[in-house]
Structure formats: structure tokens, C-alpha cells
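The next block holds one structure in the form of C-alpha cells; read it before the comments.
Just so it is clear, none of the values below were taken in a lab; they were calculated from the coordinates. Remember, predicted model here, so these are calculated numbers, not experimental data. Backbone-built Cβ (ideal geometry, glycine too); neighbour counts: all protein chains shown.
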Amino acid sequence: MDILVIGGGGREHAIVWALSKSEKAGKIYCAPGNAGIGQIAECVPIAVSEFEQLTAFALEKEIGLVVVGPDDPLADGIVDAFEAKDIPVFGPRKNAAEIEGSKTFMKDLLRKYSIPTAAYEKFGDYEQALAYLRSRTAPIVIKADGLAAGKGVTVAYTMEEAEEALRSMMLDKVFGDAGTQVVIEEFLEGQEMSILAFVDGETVRCMPAAQDHKPVYDGDKGPNTGGMGTYSPLPHIDQAIIDKAIESIVIPTAKAMVEEGRPFRGVLFAGLMISPDGTPKTIEFNARFGDPETQVVLPRLKTDLLEIFLAAVNGTLADIDIEWSEEAAVCVVQASGGYPASYPKGIVISGLDEVSSGESALVFHAGTAKNEAGEWVTNGGRVLGIVGRGTTIEEARAVAYAAAEGIDFEGKHQRTDIAAKALV
Ligand code: AMP
Ligand code: GLY
């Protein structure tokens, strides 16, 4: 069966890599892909927003399954567009992707179904939002309602920061229409954890938990990024807490979506905070695989990913066995100088082929290209994700960092403390 994967980052590289191991997989296309993905799939130069071109391509190539990676096309209804042409597609429809695309929708849903999340109020009027904000105390969290490339959340430690965030979202419109409505919510303290699940409406099949590192610098300092590194499993978090999160949050949310007439089919991704007393609460939901969570979760999958996608599309997820390896995985992201603010592109990368051809680490490309001389160059903020595997987090981490040492480019930066929290 020929497959089309939509997207072009490290997440999509990991998805294509896992699919390429399936015996059932025929030719794999990736739109638009990137130079690293181009080593194992045929990249198709169509943007993720070009629904007509993408559906026409899928029909022409008689694609048997489309898999959608990124959030924006899901929120814009790419799944509905493929379904309208009877093309099998893995991902939530527009009305289900709203769980990520609108924070007010998500918060109202959780409130309605008594699913644990931070206390909040939502506002469409600046003066009312400001008055409410001034009745609260810092730390406090301000969120733009819509998608803002992962930048729409401000965790404000002072009231000045909070007011500044509110002003820039609602008056200065720094996130455009995404900031027309805002959510002001309670600050939650604790450990963060991501639980991703394959969902086919009713059935929820959770993947092993992972932890992301969003701030750009060591010690969780600096501005938030898309994610600077991940690891899985989380040996320092009790399985009982993970089970509680699945039972009190992930499963009830999928059920709530069915009851709302918006059955969720695809990867439901819960971003959770575990309070110091061990209670998990929802920070956010995403309607897709995480990036770079996928890079540590899929290498642990023993079952054929294509079988899982097809079962989700056919509504038979309950009938298949899904097996995970006990092995640990750690992903270290290497980013361009300047990221998450502006950064240069086209910087030559050295050592990549040597490290990629080694046995020890997996290298997923997030933003790379080849220049005219055939050299690897940077082509994005996040450039590479280096994944180490081992019997423990400690081993996996050592493998990832040793491999990362071998790759260099001007301005390269990576965190040195990925998975350090798990080394107890
Ligand atoms: P999001 O874009 O919704 O994933 O939020 C980005 C980051 O902001 C999260 O990973 C958390 O670290 C932080 N965050 C979001 N909401 C809260 C909250 N209510 N309390 C504390 N931190 C939060
Ligand atoms: N790594 C967080 C995300 O994909 O949203």
C-alpha cells in the first residue's frame, strides 16, 4: 500500500521511518518532507496548506493511506478534505481537531465533563479580561485561544508580565485572530508529562509516557520552543500516577468527544501537570503526534505502525495487540543559533553522515536541506533530533549525547540536561 505523510519535521521523519519498516508499506511519499526524510521517502513539493493539490496527488498516486503530522492543516480541515474524496486518512476531522485549535473549546469541554484541568476564565473583551486579571495574583497563565505556532502561552511570574501578555494578545494582536479570545488560568506547579494515545472514537490505546523540555536553555530557562528534547519512559513517575492520568483524563476526554458528536480519530496528546501530591491535571490537548515526543515513542513501538493506523481508520483499534519495548529512548534536539527567535539558514552541517550511519543513534531531521555542493545545511530552527536508546535512561542519554558531539554547525545549540530529571 502506498502512503502519503503530510508534514516536514522531525516528527514526520520518525513517522516515515517507522512506517518504512512495515511489510505492508509500499512507496512512501512525504509532502513537503525535508532532505533527511528524502533518504527514505519521496518528497513531494506541496505545502501542507494546499489541500486541493494534496488530494489530487493522493488520487493520482492511488494512495492507500494519508497520515497528517502538523496541527495547522488538521485545524483547517485537511482530514475532511481527504474524506470528501474517499481517501483513507489518519487524523481527526476539523470538528475534533478543535480540541487543540481552540483553548476555550477545550477548557469548556473539560469543565462540562468534570475532567481535571487548571481553573480558568475566558474573555473576548480586553477591559473585562484586564479587570479579572487584576483581581488575581501572579504567577498566572495567559493563553491565546487559537494556534500560535506554540507561542501563544505566557506563564507570567509578575502582574506586569501578565498585563503585557494580555495587551499584546488582545490589543496588539501579535498572534492575529488567535488572540481575539484569551484564557486566563491558574498556575499549576509540578512535573510535566505527555501521554499520547491512538484513538478511534471509543477506543483509546495509550503510548508510553514521555517528557518534553520546552524552554530553550538548561534548567528550563529562557523562552519556550517547540521542544528541545524528550525521553521515555519516565522511571521517576509512578505507573499508578500515569494510570490515573489515563483513567481520569485521556479516556474521559475521548468519551466526551464522542458524546459531543465530534468523535476523535487520530493521536490524542494530553499535556499534563502532576501536582506535588500526585494528582494529574490537564494543561493542554493536542490533536496529533508531539514533536519531539514522537522521536522517542515510535522507536519503542514493536507493533507495525501501519497496522495501527489502519485499525484506527477502520475503527478496530480495540482488536489489535500493541507492543512496546522496555528500552529507554532519549532525544536531544540541535537548534540553529538564535532559535526560537530568528535564525540563519543554509549553514553547513558536519559529521551528519558519519553519525547517521553509526549503529548507536537514530538521527531524525527536523530542518535540513542539501546545498548545491551536496552538503547538508540547516534549514529550520530545530535542525536535528538525535535519539539514543539503551536499557536505562542513563544509557540512552549517554548514547544520544555522544552521537550529538559528532555533529556540528555554526551556532548549534542543544540543552545538556535532557532527561536529567529522570536520573535519580
Ligand atoms: P502549551 O503551549 O499549552 O503546551 O503551554 C506551554 C507550556 O506552558 C507548557 O508546557 C507548560 O510548561 C506551561 N503551562 C501552560 N499552562 C500552564 C499552567 N496552567 N500552569 C503552569 N504552567 C503552564
Ligand atoms: N512537543 C510539544 C508539542 O508537540 O506540542
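Side notes on the structure shown:
- Residues of type aspartates and glutamates that K21 reaches as a straight line, Cα spacing below 16 Å, ignoring anything fewer than 8 places off in the same chain: D2, E12, E42, D304, E307, E323
- In this structure, the amide hydrogen of S232, modeled 1.01 Å from its nitrogen in the peptide plane, lies closer than 5 angstrom to those of A329, counting only residues at least 5 positions away or on a different chain.
- Relative contact order, percent, the range 117-180 [alpha-carbon distance under 8 Å, six or more residues apart]: 32
- 5 angstrom amide H check on V5, placed H, neighbours 5+ away: Y29, C30, A31, V67
- A simple rule links phi to the HN-Hα coupling: the Karplus curve 6.51 cos²θ - 1.76 cosθ + 1.60 with θ = phi - 60°, which for the range 174-190 gives 4, 10, x, 5, 4, x, 4, 10, 10, 10, 10, 9, 4, 7, 9, 9, x Hz, with x for Gly and Pro.
- Note on D125 and K302: with the Förster distance fixed at 56 Å, the Cβ-Cβ geometry gives a FRET efficiency of about 0.60.
- Based on the Stokes-Einstein relation at 10 °C and a viscosity of 1.306 mPa s, and on the Kirkwood radius from alpha carbon pairs, the range 163-266 is assigned a translational diffusion coefficient of 96 µm²/s.
- Links that overshoot a 29 Å alpha carbon limit, given the list K302/K421; K94/K412; K214/K412: K94/K412
- With θ taken as phi - 60° and the Karplus curve 6.51 cos²θ - 1.76 cosθ + 1.60 applied, the whole-hertz 3J(HN,Hα) list for the range 317-330 is 4, 5, 8, 10, 7, 10, 10, 10, 7, 6, 4, 9, 9, 10 Hz, x standing for glycine and proline.
- Volume per residue of the C-alpha convex hull in the chain, rounded to whole Å³: 139
- Checked against a 30 Å cut-off, the cross-linked pairs K85/K143; K151/K345; K281/K345 give Cα-Cα distances beyond that limit for K85/K143; K281/K345.
- Normalised contact order of the chain, rounded percent, pairs of Cα under 8 Å and 6 or more residues apart: 16
- With R₀ fixed at 35 Å, the C-beta to C-beta distance from D243 to A420 puts the FRET efficiency at about 0.90.
- Whole-angstrom gap from the range 224-273 to the range 1-30, using each part's C-alpha centre: 24
- For the chain, with +1 on Lys and Arg beta carbons and -1 on Asp and Glu, the positive-most of I251, T137, A58 along the dipole: T137
- The range 293-311 and the range 94-161: distance between their alpha carbon centers, rounded to Å: 32
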